[in-house]
Amino acid sequence: MKKKQLWVVMALMLSLAASAQEYKLWYNRPAKTWTQALPVGNGVMGGMVFGVPAVERIQLNEETIWAGQPNQVMNPAAKEYLPKVRQLIFEGKYKEAEKLANEKVMPVGAGKNSGMPFQPFGDLYIVMAGKTNYSHYERWLDLDNARSVVRYQVDGVDYERETIAPLGCQVIAVHLKASKPGMITFTAYMQSPHENVLTAGEGLEATLLGVTSKHEGVKGKVRFQGRMTAQAEGGSVTQCNGIVSVVGANEATVYVTVGTNVVNYQDITGDEVAQSKSRLYSAISQGYQKIRERHEKLYHQYYDRVKLNLGADNYPTMPTDKRIEQFSAVAHSVSDNYLVATYFQFGRYLLICSSQPDNINPANLQGLWNDKMFPAWDSKYTTNINLEMNYWPSEVTNLTEMNGPLFRLINEISQTGRETAKKMYGADGWVLHHNTDQWRVTGPIDHAPSGLWCTGAGWICRHLWEHYLFTGDKAFLRRVYPIMLDAARFYSQILVKHPTKDWLVICPGESPEHGGKGRPTPLDAGVTMDNQILFELYTNVLTAAKILGEDQKAELHSPLSTLHSQLKQMPPMQVGRWGQLQEWLDDLDDPKDDHRHFSHLYGLYPANQISPYRTPELFEAARNSLQARGDVSTGWSMGWKVCSWARFLDGEHAYKLIQDQLTLTADTFLIFGAVKQKGGTYPNMFDAHPPFQIDGNFGCTAGIAEMLVQSHDGFVFLLPALPKAWKDGSVKGLKCRGGFEVDLDWKDGLLTKAVIRSALGGNCRIRSLVPLKGNGLKKARGQNANAFYQVATTPQPIVSKEAKLKGVTVPATYLYDLPTVKGGEYILK
């Protein structure tokens, strides 16, 4: 073969290898702890696979197994005492305000609960006698096909267990096979940590019946039934006393499912027995191969939309936990960019597995995976960032359907939140405080320093608006517009005039879980985040009204006219004495403060009120604030920082935060007590707050996407924050606002090719660090004509006379307009 032909063949082989990259979490020993086990899920059933040859353990969850029962939490005295708390805050008596709020406003003061915990079902055990002396062991989580695999060898026989939580089928299935016929023999049974469960058998099926816990005075009334059986090729299948036995089979599949009596957040009249039967029989009637084929087909419809290539796999034989452990150490020699790409796809995998379109519940604080009866923070929905962070990747990483359960929750809390708004605040519309659960509680929970934060409805409504911006779905916008309007209506009725600042403010309010220097409590008035959320909500509602023609129907004194008027009376953002973006109305920021929350940067990310091009003073001040906060923190906080540094167009700092995020967190602390846990990543790639919180996974995934493309600031910015470590690479399928989808290729840190697909048509304004050429591409002039890219004007900030701003230096860029048609594809080089 001629040299030129050989070179062509080799180049083609390398190209095919790069395009066929496999992403997986791989290990050479079984899991010792829960945060070493590997997650599978289909939105309804979640499983954690430990991979022990002799006794496999799969810890199980079902999305509706929560403690308690339908209930709402509210202190009946709240409406009377809120004005008194407000007055104390205005008088500067902050500690007295907190004490009164805890006693007379917060539900705990009236002996009410603080929400219910998400609870496990229990465990499936598969016991294979004589399999303790094994060799050639490996296990992995195949992200490309959504399956967990365990392989090992005993006495010359190769064994394999494949576990899937098949999409479209509410079971978990474990398929066992061996290299020699007749070698599959095992017993399988279920256990549960719940009290007084009943284990029984029906034919070849084992069952486990139970009820969830009483918690904080609320009796558990969620009934559940686990149901398990096996199918075998060859050999025999029997069941006795709730134990299923398979003897001498060539292959076998164990199916397990759980049914509950939960119909929805206010109805628990379902039949858990009938549901468990229906779910199990649907699976076994199809057989393993069919549900596996359907599962992979459905999964690939979502997962394959986005491909990220950051280079070759330099460590294919190194276990994933060791790769995490060495990631920062080798980052400047032989980079493990493949690990970053794996982490990105793992985040997308987790969202697909924990939030399917038709689920009753969205992904909670731990997604769908929890092994504790009373997990940290109850594994609920913390709405002062954590729930929202779960869904940051949904639009940009092309998983918009995964928003379905979130939108369902928003609709439901807009119903329950009406009662809270009326009884607690005497206001119309609806309210959400900093937490909710399966029962869609909307009153404040826990204690006032964290719980008396009432702008959860405003924040969560941005997900409705963002969905419209990304998809252009006007019918969706029409359905959710009343929800957004009623959230704004509530705030318009509780805003009060500040006694000395002459602005309309929320009081009591708080910058989530954080108080200013010299203040004894987070309770305050007119905090920056509240103002940013209201500015965004009001602006989005008014824009939506115009799109839908609702503004033409509005009367002079309608809610819309009130929003127009109040927008002009809200506090602008302020730059404080050391050049920082103020977190509070008063200049209280401490430059030595490294608190995990930096809520005043909401306007930077996820919102779009701070820009290097439109608001350079605020941009610099926000950067000063985040620089002072430091980098290493809790896992989810570092995920947020990745997103934020990407918005600062600082790829190196964003990458540094990814390194901090991908720092191995010891997970044997509770066992040995020898190593203190810290924020980072567990051996199974779960985010470590610590303990495990899934929001950090999702936040960092969104941050990686944000480093590659941004579309929030009036244009599509290609490779805005690419770090030097990602010298060569490509990404395909990322979504941008206005219905655009982009593929990007780069070499030596510079964009070489971009493909723009337009689902809606319209002008695509593009910002690039390199000059581009392409059919129809022209230099941008004037305002972007695309309505999806009309960015609201941020009010002029107030800058302290002591602040010494140095000015913002942003890289030189090229700005283009590309007219597109619906369904068009455009290649730029």
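Computed values, structure above
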item	result
Failed item in (1) buried (at least 18 other Cβ atoms within 10 Å of the Cβ); (2) out of contact with any strand residue (DSSP E or B) (no Cβ under 6 Å at 6 or more places or on another chain), with Met228 passing the rest	(2)
Qualifying residues in segment 98-126 (those that are assigned to a strand (DSSP E or B) and within 29 Å of the chain's Cα centre (by Cα)) - the one surrounded by the most Cβ atoms within 10 Å (Cβ to Cβ)	Phe118
Qualifying position, being at pLDDT 95 or above, over 30 Å from the mean Cα position of the chain (by Cα), polar (S, T, N, Q) and open to solvent by 10 Å² or more (accessible area, probe 1.4 Å), among Gln552, Gln566	Gln566
Restricting segment 45-57 to residues that are crowded, with 24+ Cβ neighbours inside 10 Å and under 26 Å from the mean Cα position of the chain (by Cα), the residue that is farthest from Val149 (Cα to Cα)	Met45
Given (1) more than 18 Å from Arg489 (Cα to Cα); (2) out of contact with any Gly (no Cβ under 7 Å at 6 or more places or on another chain); (3) buried (at least 23 other Cβ atoms within 10 Å of the Cβ), index of the condition Pro508 fails	(1)
Wholly within segment 230-280, strands (runs of 3 or more DSSP E) carrying at least 1 residues that are in contact (Cβ under 8 Å) with a residue 12 or more places away in the chain and within 21 Å of Val49 (Cβ to Cβ)	243-249, 251-260
When residues of segment 190-221 are limited to those that are assigned to a loop (DSSP other than H, G, I, E, B) and within 19 Å of Ile58 (Cβ to Cβ), the one farthest from the chain's Cα centre (by Cα)	Val197
Filter result (farther than 23 Å from Gln659 by Cα, outside any strand (DSSP E or B) and open to solvent by less than 20 Å² (accessible area, probe 1.4 Å)) within segment 726-749	Gly738, Gly739
Lys95 part of a helix (DSSP H, G or I), open to solvent by 40 Å² or more (accessible area, probe 1.4 Å), in contact (Cβ under 8 Å) with a residue 24 or more places away in the chain and over 26 Å from Gln366 (Cα atoms)	yes
Residue ID - nearest to the chain's Cα centre (by Cα), chosen from residues in segment 446-458 that are surrounded by fewer than 24 Cβ atoms within 10 Å (Cβ to Cβ) and of a type outside the set (S, T, N, Q)	Asp446
Single unsatisfied condition, Leu368 versus (1) closer than 30 Å to Gly311 by Cα; (2) touching a Gly at 6+ places or on another chain (Cβ under 7 Å)	(1)
Residue within segment 146-156 that is touching a residue at least 40 places away in the same chain (Cβ under 8 Å), over 30 Å from Glu272 (Cα atoms), touching a Lys or Arg at 6+ places or on another chain (Cβ under 7 Å) and surrounded by 17 or more Cβ atoms within 10 Å (Cβ to Cβ) present	yes
Looking only at segment 279-292, and only at residues there that are surrounded by 15 or more Cβ atoms within 10 Å (Cβ to Cβ) and of a type outside the set (Lys, Arg), the one that is nearest to Val211 (Cα to Cα)	Leu280
The listed residue being without any contact (Cβ under 8 Å) to a residue 24 or more places away in the chain and either hydroxyl-bearing (Ser, Thr, Tyr) or assigned to a loop (DSSP other than H, G, I, E, B) (or both), out of Asp502, Asp428	Asp502
Positions within segment 569-611 being under 26 Å from Tyr789 (Cβ atoms), open to solvent by less than 20 Å² (accessible area, probe 1.4 Å), of a type outside the set (A, V, I, L, M, F, W, C) and part of a loop (DSSP other than H, G, I, E, B), in sequence order	Tyr605, Pro606, Gln609, Ser611
Residue identified as farther than 25 Å from Glu741 by Cβ, buried (at least 18 other Cβ atoms within 10 Å of the Cβ) and among the hydrophobic types (A, V, I, L, M, F, W, C) among Ala812, Ala803	Ala803
Candidate set from segment 245-278 (those that are open to solvent by 50 Å² or more (accessible area, probe 1.4 Å) and charged (D, E, K, R)); member that is nearest to Ala230 (Cα to Cα)	Glu251
From Tyr349, Tyr315, Tyr343, residue being without any contact (Cβ under 8 Å) to a residue 40 or more places away in the chain and either within 18 Å of the chain's Cα centre (by Cα) or over 19 Å from Gly635 (Cα atoms) (or both)	Tyr315
Among (1) of a type in the set (S, T, N, Q); (2) surrounded by 19 or more Cβ atoms within 10 Å (Cβ to Cβ); (3) farther than 23 Å from Gly823 by Cβ, the one test that Thr752 misses	(2)
Conditions (1) open to solvent by 20 Å² or more (accessible area, probe 1.4 Å); (2) without any contact (Cβ under 8 Å) to a residue 40 or more places away in the chain; (3) of a type outside the set (Lys, Arg); (4) within 21 Å of Leu399 (Cα to Cα): number failed by Ala759	(2)
Tally of residues being open to solvent by less than 10 Å² (accessible area, probe 1.4 Å) and either of a type in the set (D, E, K, R) or out of contact with any strand residue (DSSP E or B) (no Cβ under 8 Å at 6 or more places or on another chain) (or both) across segment 620-637	2
Selection count where residues are of a type in the set (A, V, I, L, M), open to solvent by 10 Å² or more (accessible area, probe 1.4 Å) and at pLDDT 95 or above, scope segment 127-145	1
The lone exception for Lys93 - which of (1) within 30 Å of Leu588 (Cβ to Cβ); (2) under 32 Å from the mean Cα position of the chain (by Cα) it fails	(2)
Residues located in segment 169-189, provided they are in a strand (DSSP E or B) and open to solvent by 70 Å² or more (accessible area, probe 1.4 Å)	Lys177
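Let's see how each residue does on (1) under 24 Å from the mean Cα position of the chain (by Cα); (2) under 30 Å from Lys747 (Cα atoms); (3) hydroxyl-bearing (Ser, Thr, Tyr); (4) assigned to a loop (DSSP other than H, G, I, E, B):
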{"residue": "Lys290", "(1), (2), (3), (4)": "no, no, no, no"}
{"residue": "His295", "(1), (2), (3), (4)": "yes, no, no, no"}
{"residue": "Leu308", "(1), (2), (3), (4)": "yes, yes, no, no"}
{"residue": "Gly311", "(1), (2), (3), (4)": "no, yes, no, yes"}
{"residue": "Ile324", "(1), (2), (3), (4)": "yes, yes, no, no"}
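Results for (1) farther than 20 Å from Val642 by Cα; (2) out of contact with any helix residue (DSSP H, G or I) (no Cβ under 6 Å at 6 or more places or on another chain); (3) open to solvent by 30 Å² or more (accessible area, probe 1.4 Å); (4) of a type in the set (D, E, K, R), shown as yes or no for each residue.
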position	(1), (2), (3), (4)
Leu310	no, no, no, no
Asn314	yes, yes, yes, no
Pro319	yes, yes, no, no
Lys322	yes, yes, yes, yes
Tyr338	no, yes, no, no
Ser355	yes, no, no, no
Ala363	yes, no, no, no
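The values are calculated or read from the model by the stated rules, or taken from the named source; none is laboratory data. Being a predicted model, the structure only gives us computed values, none of them experimental. Cβ: placed from backbone, ideal geometry, glycine included. Neighbour counts: every protein chain shown. Surface areas here come from the heavy atoms of the whole protein model, side chains and all, with no ligands, DNA or RNA. Shrake-Rupley method; radii C 1.70, N 1.55, O 1.52, S 1.80 Å.
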